[in-house]
Amino acid sequence: MINFDFVCPTKIIFGKGTENRVGEETKKYSKKVLFVYGSGSIKKTGLYDKVVKSLKDSEIGYIELSGVKPNPRLSLVYEGIKICKENGIDFILAVGGGSAIDTAKAIAVGALYEGDVWNFFLGKAEIEKALPVGVILTLAATGSEASDSAVITNEDGWYKKGIHSDLIRPQFAIMNPELLFTLPAYQTAAGAADIMAHIMERYFTNVRNVDLTDRLCEATLKTVINNVPKLIEDPTDYDARAEVMWAGTIAHNGLLDTGRIGDWASHRIEHELSAIYDIAHGAGLAIIFPAWMKYVYKHDLDRFVQFAVKVWDVDLTFTDREAIALEGIKRLETFFRSIGLPVTLKDANIPYDRFEEMADKCTSNGTATVGQFVKLGKDDIINIYNIAR
């Protein structure tokens, strides 16, 4: 286990009816906020009216910024920054899933910066301050409600990049599993794949003697695996929603990072898919992660055997150790397919003609590697895309 600092100051407000507390929580920080949300689903479900009533009851003024899309766009971030600067906004409230939250985080950073906010995503500037952010979560997936990260897509070239800073962790996250009852099965499934990917990025590490976080990772994965099929069958199963929703937060709030170094190659490789083809991030990860596993499993056969046995209950007497490892990967693919996700590029109708372009973007035109478990160059990434076909 390596040295670590663990900081997660986000206040979690979890349970039925908690969205009605948004006004009282927000007024601790501001009386004038930017209210960020998506395309209007929160109006159909009635959540919008509840948020507006709670803000008004707490005498909080707000300006709305709607139109957040999946794989959130830089252009809307620019719009939000402009609104904040022109109107003296000092708090941002995101209502939605990871796209709304990441948009809010990027605005929070850019609103206090005189340059182009994209500089932070390019590594040309360091985050030194940010407006506070609050969240009402409507999708269990990205874990952005308590994470130190945000990912934004720049339409100019379709580059998808992220930032990290404890300064962008939300001040509070309101999480009512009931708000997820109306989610389509595909969104539930894609969110589950995103959660599992966050855990697996951390699980596959070269750091030894990390038994505690290994067990936490395995338990969180099994919680998702056991409960998501229940939600596909009954989207209003509160207990299953609660389990998956909390797992999504734990998967990405930093706890499972402690004492270990994660990989993150699969995320980087997938970002090129969702940037260009606008596939749901979780669905893209369901395609890329098994392909990555097939490419790297021999690097640490023991860890892949552990994954197969502890997470997927593969019998240790299953022929030989390599067969056990491959069976674990197969069961991951089978699970993704069983909940309605693609596991190949063909399944997602993604063509095979831009592998080199995507690998170039992923590796800064072949000058960099991605991943920590196994460092991957441009040719490796092209090979993984080919395995994913």
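The values are calculated or read from the model by the stated rules, or taken from the named source; none is laboratory data. All values derive from a computational prediction rather than experimental measurement. Every residue, glycine as well, gets a Cβ built from its backbone with ideal geometry; the counts of neighbours run over all protein chains shown.
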Exercise. Could you name every one of the helices (runs of 4 or more DSSP H) located completely within the stretch 1-69 that has at least 2 residues being surrounded by fewer than 20 Cβ atoms within 10 Å (Cβ to Cβ), outside the structural domain of H252 (by TED's automatic domain parsing) and not acidic (D, E)?
Key: 41-44, 47-57
Quiz item: Among the strands (runs of 3 or more DSSP E) contained in the stretch 143-184, which hold 2 or more residues that are among the aliphatic types (A, V, I, L, M) and under 18 Å from the mean Cα position of the chain (by Cα)?
Solution: 149-154, 172-175
Practice problem: Please work out if L345 is surrounded by 13 or more Cβ atoms within 10 Å (Cβ to Cβ), assigned to a helix (DSSP H, G or I) and under 23 Å from the mean Cα position of the chain (by Cα). | Solution: no
Exercise. Starting from residues that are touching a helix residue (DSSP H, G or I) at 6+ places or on another chain (Cβ under 7 Å) and in a helix (DSSP H, G or I), keep the ones in the stretch 348-379 and report whichever is farthest from I276 (Cα to Cα).
Key: K378
Self-check item: Selected residue [more than 30 Å from Y277 (Cβ to Cβ), without any contact (Cβ under 8 Å) to a residue 60 or more places away in the chain and among the β-branched types (V, I, T)] from I81, I89
Solution: I89
Quiz item: For the stretch 83-138, which residues satisfy the criterion of being assigned to a helix (DSSP H, G or I) and among the aromatic types (F, W, Y)?
Solution: W118, F120, F121
Self-check item: Residue check, D148 surrounded by fewer than 24 Cβ atoms within 10 Å (Cβ to Cβ), charged (D, E, K, R) and at pLDDT 95 or above
Solution: yes
Practice problem: Need at least 3 residues that are at negative phi and hydroxyl-bearing (S, T, Y) per element, so show me which helices (runs of 4 or more DSSP H) inside the stretch 210-302 make the cut, counting only ones lying wholly within it. | Solution: 211-233, 265-277
